[in-house]
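Encoded as structure tokens, the structure appears first; notes follow it.
Quick note: the coordinates plus some simple rules give every number you see, no bench work behind them. These numbers were taken from a predicted model, which means no experiment stands behind them. FYI the Cβ positions are ideal-geometry reconstructions off the backbone, even for glycines, and counts take in every protein chain you see.
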Amino acid sequence: MVKPQTKPPQAHPTWQEPPSHSPHTPPGLLGIEGMAAAQITHYLDRAEYYLDQSLPLTSDQKILAGHTVINLFFENSTRTRASFEIAAKRLGADVINMAVEHSSIKKGETLIDTAVTLNAMRPDLLVVRHHESGAVALLASKVSCAVINAGDGSHEHPTQALLDALTIRRHKKCLHGLNIAICGDVRHSRVARSNIHLLTKMGAHIRLIAPPTLIPRGIEQMGVTVYHDMQDGLGDCDIIMMLRLQNERMNGAFVPSPREYFHFYGLDRQKLSYAKQDALVMHPGPMNRGVEIDSEIADDTSSNQGGQSVIQNQVAAGVATRLACLEILFHQTSDARERTK
Amino acid sequence: MTDKPASMSHHPPGTPGRALLLQNIRGGEDANQRGKAHEISPDNLPDILIENGKIAAMGKNIAASDAKKIDGKNLWLAPGLIDLRTQAREPGFEHEETLASLAAAALAGGVTQLCCLPNTQPIIEDPSLVAMIRQALVHPQERPQVSTQIRPLVRPLVRPLAPPAPIIHPFAAMTKGLAGQELTEMGLLHQAGAIGFTDAPYAVASPLVLRRALSYTRFFDGLVMTHPEEPTLAPIGINGGVMNEGLIATRLGLSGRPVLAEIIQVERDLRLAEVTQGRLHIGPLTTAGSIEAVRQAKRRGVNVSCDTAPHYFLLTENAVEGYRTFAKVAPPLRSESDRQAVLAGLADGTIDAVTSDHAPRAADSKRLPFAQAAFGVVGIEILFASVLWLYHQNIVTLPKALALVTTQPAKILRLPLGDFSLGDLSQGDLPQGAAKNNYGIQVGQVADLVLFDLDQKWTVDPDKFRSKSKNSPMGGMIMTGRVEKTIKGGIIAFNREEK
């Protein structure tokens with residue numbers, strides 16, 4: 001087995017942080033909106049570097065040894081939290097996982113009090129997920145370490161967008177000019193919003209396909225085309241991103257029933273055939289099989305003889321992306337501290 | 001593979017071998033002359049030949065020696081009527097009306113297509129029930145072939161009915177159980193053949209739910225129909241108002257349903273249609289304020305249509321005097337000034353269509369103290385006479401009067417116009433005299449036609465209605481003009497015997 005040649009760790013970022021309007025002064029990754037294309041490319045390059053590394057990383061690569069990363073999750077998560085934890089541990093960090101059930105939030109502490117308390121313990125990086133849009137930015141403005149947004153409400157999920165972009169770039173070489181369909185519950189999806197920001201910046205053409213009740217008003221102004229019919233929307237598509245539809249949203253509120261949703265918007269063999277022959281199927285997980293995606297499509301993986309699903313590749317790209325994010329933000333934090341000394 | 005029965009291959013079952021030749025018919029001029037405003041002298045009226053269910057030829061001296069001849073002396077021709085809103089009461093309330101009795105009443109009223117509401121038992125909210133009702137009156141031989149190997153588990157809802165019957169287009173429920181909370185499977189219901197979605201005869205309380213319905217139906221361009229009464233100001237049921245709010249209600253000691261309830265609901269629904277760009281139909285409209293709201297909305301370009309019913313322009317709240325429960329209906333019969341506003345709305349085209357709003361109610365649910373009696377009136381058999389009344393009263397021209405029950409409902413329901421083309425009939429304001437001959441019926445279209453006597457006077461007698469329920473407040477009213485023959489798919493489906 002040929003191991004990919006281990007490249008020496010590349011010099012850390014040379015670009016300058018653009019002037020930020022957010023009250024958060026330390027470096028952080030709060031959202032894709034506001035990032036420059038060059039910045040995004042840098043994140044993707046570093047993630048790709050980690051994707052090609054053999055494991056375990058060498059002691060030189062364990063740049064977070066002796067440093068503390070806190071995973072602060074106000075909303076349930078399995079894969080994102082595990083992905084961040086694995087990434088941080090591969091870089092040698094001491095990882096603390098804090099879930100809301102075990103925190104003082106249940107005892108009545110406000111978000112800002114929690115932020116101030118944690119800050120006093122001097123962590124090096126905070127990874128935060130919250131069920132309210134904007135809550136991660138609020139918390140970030142009260143701490144002095146770098147904060148990574150692991151998803152806030154229906155606002156942004158920047159690391160998911162980066163790992164999706166990395167997966168696409170690995171398969172399609174480049175993002176520019178691709179036709180990418182994002183299908184499903186766009187209204188409630190932070191994944192959709194971050195992906196729209198990222199992929200439009202990189203020159204891809206985004207189409208949203210969903211029933212009108214799941215398309216939020218004004219989204220066309222974000223540079224996307226809206227479709228309500230899978231056949232119309234999937235024509236000539238290179239990438240199909242399916243979104244999860246939560247159970248409580250499909251019983252007559254936004255969608256009448258799971259069977260109606262699957263009939264019109266679930267990705268099956270027939271609907272997939274409207275897209276390009278080599279179109280890739282993606283899903284941020286966890287999947288609702290038989291609601292937004294047919295098991296047959298989900299399990300037809302690319303590693304398994306030319307299937308179109310790259311859902312497992314996304315998970316692998318997820319860890320690499322989070323390694324890159326931790327690395328880049330750690331270096332930026334160190335630089336900032338150097339400058340203030 | 002077995003051959004199809006011979007009767008299926010070319011002709012619909014029951015089609016007589018003989019063609020029909022309509023002679024001396026007014027209104028059925030040659031297609032080439034359509035659009036030219038001119039009087040045709042009585043001895044120069046064209047003939048119409050109907051073969052294989054379609055109009056085969058129009059013109060003078062058509063040679064059809066084997067065709068059955070109908071001398072249309074003094075008869076006028078119009079396309080078959082389309083009734084936008086009726087209550088079939090089947091399944092669930094067969095003691096009040098069945099699909100078969102409704103079909104008979106419809107044909108007697110010149111109606112060849114009708115829509116029915118989902119307030120049956122069970123409620124029409126499942127795709128299979130939509131399919132079943134659509135096929136209920138279709139002759140078994142015309143239905144899609146089902147395997148003969150397996151006996152159907154469910155016997156069809158149909159009884160053997162001699163063809164032809166009017167086409168039934170069911171509305172499906174907009175929300176589950178008509179409860180106004182959760183959307184039904186609108187996409188699947190649409191695919192099963194639902195003509196649209198409505199919670200009628202109930203109003204939708206929540207603007208959020210209606211917004212989502214109007215928004216959701218956009219992906220297949222579905223029609224949403226709403227009942228125009230705000231349900232907290234004008235509830236149906238215990239403690240709800242029972243007649244128009246005002247002096248008469250006060251004098252009679254009955255609780256009122258205010259005009260305001262209709263205005264608020266209509267204005268709200270119009271705003272929701274505007275923001276969602278959904279396809280909205282509201283009806284029946286009965287008040288000056290709500291009609292003005294629609295007039296303004298149409299000027300703003302809102303995608304909306306509306307209708308009213310005969311009792312709202314033929315009657316006022318005075319009909320309730322003496323606690324006449326047959327005049328109890330929701331929205332209620334209104335004041336004279338509101339009736340005038342309805343006529344004005346019909347005259348200027350704000351109101352797109354007239355529907356019977358046929359609501360059969362058993363006698364036992366009407367022979368009660370007024371407040372306890374059921375809402376609803378029957379009217380499918382006087383629908384045509386009521387639009388002719390609009391013509392005789394010089395409210396609208398004859399083509400416009402006919403359009404209110406033919407081309408306009410077809411347009412609202414997006415039924416294929418090929419079958420109902422009246423040409424440019426609904427276009428302009430033609431001089432009264434000229435307009436009489438100006439509507440065209442085209443060669444090649446399905447022969448769904450009404451032959452009517454424009455000037456025949458007759459007295460409404462609900463006991464002679466074909467409908468199983470007789471709850472009409474119009475008994476004794478003298479009407480001018482009535483249906484003489486109804487032709488459905490080239491077959492004489494109704495033929496008035498008594499003169």
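Annotations
- Per residue, the convex hull spanned by the Cα atoms of the stretch A:58-98 measures out at 47 cubic angstrom.
- Charge dipole of the stretch B:190-290 about the Cα centre (unit charges at C-beta), most positive-ward option of B:G240, B:T286, B:A200: B:A200
- Angle in degrees between helix A:37-51 and the longest Cα principal axis of chain A, rounded to the nearest 10: 90 degrees
- Relative to the longest principal axis of the Cα atoms of chain A, the long axis of helix A:190-201 lies at roughly 90 degrees.
- Cα-based Kirkwood hydrodynamic radius, the stretch A:155-220, one decimal, Å: 12.1 Å
- Protection proxy ranking of B:302-311, A:189-198, B:106-115 - average other beta-carbon atoms within 10 Å, highest first: B:106-115, A:189-198, B:302-311
- C-alpha center-to-center spacing [the stretch A:115-164, the stretch A:257-330] in angstrom: 26 Å
- In plain terms, the bigger the Kirkwood radius, the slower the diffusion; for the stretch A:244-325, with that radius from Cα pairs, at 4 °C and 1.567 mPa s, Stokes-Einstein puts D at 94 µm²/s.
- Based on the reciprocal of the average 1/r between different C-alpha atoms, the Kirkwood radius for the stretch A:181-314 equals 14.7 Å.
- Charged-residue dipole, Cβ positions (Lys, Arg, Asp, Glu), the stretch A:77-145 about Cα centre, Debye nearest 20: 180 debye
- Residue pairs exceeding 19 angstrom between C-alpha atoms, taken from B:K328/B:K411; A:K172/A:K271; B:K68/B:K485; B:K298/B:K411: B:K328/B:K411; A:K172/A:K271.
- Taking N as the residue count of the stretch B:249-338, its C-alpha radius of gyration divided by 2.2 N^0.38 Å amounts to 1.20.
- Our note on the geometry: Cα centres of the stretch B:207-233 and the stretch B:256-294, 12 Å apart.
- Zero-based 10 Å bins, Cα pair distances in chain A, whole percents: 5, 25, 33, 24, 11, 1, 0
- Three principal axis extents describe the C-alpha atoms of the stretch A:62-141; from largest down they are 37, 27, 22 Å.
- Relative to the longest principal axis of the Cα atoms of chain A, the long axis of helix A:311-340 lies at roughly 30 degrees.
- Among A:178-186, A:34-42, the order from most to least packed when residues are scored by Cβ within 10 Å on average: A:178-186, A:34-42
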